[in-house]
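The values are calculated or read from the model by the stated rules, or taken from the named source; none is laboratory data. Note that the structure is a prediction, hence the values are computed from the model and not measured. All Cβ positions, even for glycine, are placed from backbone atoms using ideal geometry, and neighbour counts span all protein chains on display. Each accessible area value is taken on the protein alone, full model and side chains, heavy atoms only, with ligands, DNA and RNA left out. Shrake-Rupley method; radii C 1.70, N 1.55, O 1.52, S 1.80 Å.
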Amino acid sequence: MPADRSFYITTPIFYPSDVPHIGHGYTEVAADVLSRWHRQAGDDTWSLTGTDEHGQKMLRTATANDMGPREWADKLVQESWIPLLETLDIANDDFIRTTQPRHEQGVAAFIQKLYDTGFIEAGDYEGFYCVGCEEYKQTSELVTGTGKYDGELVCAIHSIPVELLKERNYFFRMSRFTDRLLALYEERPDFVQPDSARNEVVQFVKQGLDDLSISRSTFDWGVPVPWDTKHVVYVWFDALLNYVTAVGFDGDEATLNRRWPATHLVGKDILRFHAVIWPAMLMAAGLEVPKQVFAHGWLLVGGEKMSKSKLTGIAPNQITDVFGSDAFRYYFLRAIPFGQDGSFSWEDLAARYQAELANGFGNLASRVIAMLTRYRGGVLPAPGEASERDLGIRETVRRAAVEADLAIERMAPHEAVAAIWTIVEELNGYITLEEPWALAKDPEQAGRLDSVLATAAEGLRALAVLLSPVLPKATAKLWTALGAEPALGLLLDQRLRAAGDWGKLPAGTTVQALEPLFPRIDPEVLNA
Ligand code: MSP
């Protein structure tokens, strides 16, 4: 596999101190759709997710729950975070926990290397710390609290009071990397995306970087600093390294070379860690910087970032229990331009489910299979000569496949779905205009009916392939109903970049009954 076709994508590793909400699910789904797409396109793909288990936030929530941090993390990872992947049908290749030996060893090796090469030295620091962010804050990032914290200085993201900390600890000499980072953003405009995120990072780094405190000695829940074990490694320095410790740093050179560098998907609140601190760390260690850092927006509820701490969190299974995992995946990728914030609403979800999934795609699939069964005994006919309209459908399919792939390349899954959806719309329009039910009444039109049914079935074949990264369950059912597997093989083995080639489903294929792909939802359930 040529190296330029390697695709390694990561999600942030989540603090398992709380249960997941749909904001976390959103990142998982986006990374999963992108990785399924690349995998099915034949790229050498690897997708990583996991949990960030050290640090004060974890320690404090564990203590508040009368548990040790390790036990607490084990419980939440097993009961909530691994099940999230199943709930959302995520096909990740690996799941890293920062308490695993492979990771802790890598962190120790990395920090030792930076110490040995003079990039780490001792110093004093005093500043305001937000445990929610696990980060020292500038005064400009703080606001005056209201309600319970009236008049106190609180973090603008978490709305909880910051703590004044004074510590003697180790510092990463990040200030040395200001110029190299600015040169990186200049030379590789795609390194940080979207442009709004890139501009923010450039403006921030232009002000000059400070050195970064990377050890703590006031608590011991972390990776010990190898040369001074009274300290543990700062949780972000530890966590960022998961992206390389999961793929062979330090010890498995071949895997590291095969996978690294990665595309990182992150929420915009953790952009600076990934686009500033992380590349500086890699530069110091003589490793390649990431391929790209892409910041997606926030899911908003009532205009604010949805969060558990503000009690606005919605659990992913509240949605999947009613609508299914495919609908969750489709909705968030379709409704929110990737990179922008988006407001979640049950009404919008229910409306899109009904109009786009049930009436648009699901109904199209059911109708075509039903007509093949009724008019041709369930056997796909050979098409006659193609009419203008038939050729129009072929062209729509060809164009949609090309455009969707280009959209995925530029990290715009919402545009990829929109491009594929042109096939759904055109095919529905085609059937309305061709009126196969009328053609079926006229024996002289038998050849024309064959063409219409074959065109519609071939369009569905392309849709099943192109939509499989987004709707894995529905497309698997459709693939079976089309009888495609005996002739063409497994759905997941269909090459995405060839999905727009016409005429793959052979005449003589036998279709099977198809249950509604997106069943009607009882309005009682929606109003409950
Ligand atoms: N543990 C760190 C990440 C370390 S990565 C080396 C962390 N964890 S987190 O659990 O707090 O957040 C993980 C991700 O969830 C972040 O990308 C964050 O932006 C995202 N989201 C949290 N709330 C969100 C929304 N309301 N909407 C969209 N994404 C949200 O930060």
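Structure notes:
- Qualifying residue in region 149-158 (condition: assigned to a helix (DSSP H, G or I), at pLDDT below 95, open to solvent by 20 Å² or more (accessible area, probe 1.4 Å) and away from the ligand (no atom under 15 Å from the Cβ)): yes
- Qualifying residue in region 342-358 (condition: surrounded by 15 or more Cβ atoms within 10 Å (Cβ to Cβ) and free of Cβ contacts under 8 Å to residues at least 40 places away in the same chain): yes
- Yes/no for V525 being in a helix (DSSP H, G or I) and at pLDDT below 95: yes
- Hits in region 224-239 - residues which are surrounded by fewer than 24 Cβ atoms within 10 Å (Cβ to Cβ) and within 29 Å of the chain's Cα centre (by Cα): W236
- If the condition is being within 13 Å of the ligand (Cβ to nearest atom) and assigned to a strand (DSSP E or B), then region 263-273 contributes H264, L265, V266, G267.
- Qualifying residue in region 288-307 (condition: within 12 Å of the ligand (Cβ to nearest atom) and among the acidic types (D, E)): yes
- Extreme residue, most open to solvent (accessible area, probe 1.4 Å), among residues of region 210-223 that are under 18 Å from E121 (Cβ atoms) and of a type in the set (D, E, K, R): D210
- Filter result for the condition that a residue is within 20 Å of C130 (Cα to Cα), away from the ligand (no atom under 12 Å from the Cβ) and at pLDDT 95 or above, over V276, V322: V276
- Yes/no for E53 being near the ligand (Cβ under 10 Å from one of its atoms), acidic (D, E) and touching a residue at least 60 places away in the same chain (Cβ under 8 Å): no
- Any hit, region 121-139, residues being open to solvent by less than 70 Å² (accessible area, probe 1.4 Å), part of a helix (DSSP H, G or I) and either within 16 Å of A246 (Cα to Cα) or in contact (Cβ under 8 Å) with a residue 12 or more places away in the chain (or both): no
- Residue check, P337 in a loop (DSSP other than H, G, I, E, B), open to solvent by less than 10 Å² (accessible area, probe 1.4 Å) and touching a residue at least 60 places away in the same chain (Cβ under 8 Å): no
- The one condition in (1) under 27 Å from the mean Cα position of the chain (by Cα); (2) closer than 16 Å to M283 by Cα that F119 fails to fulfil: (1)
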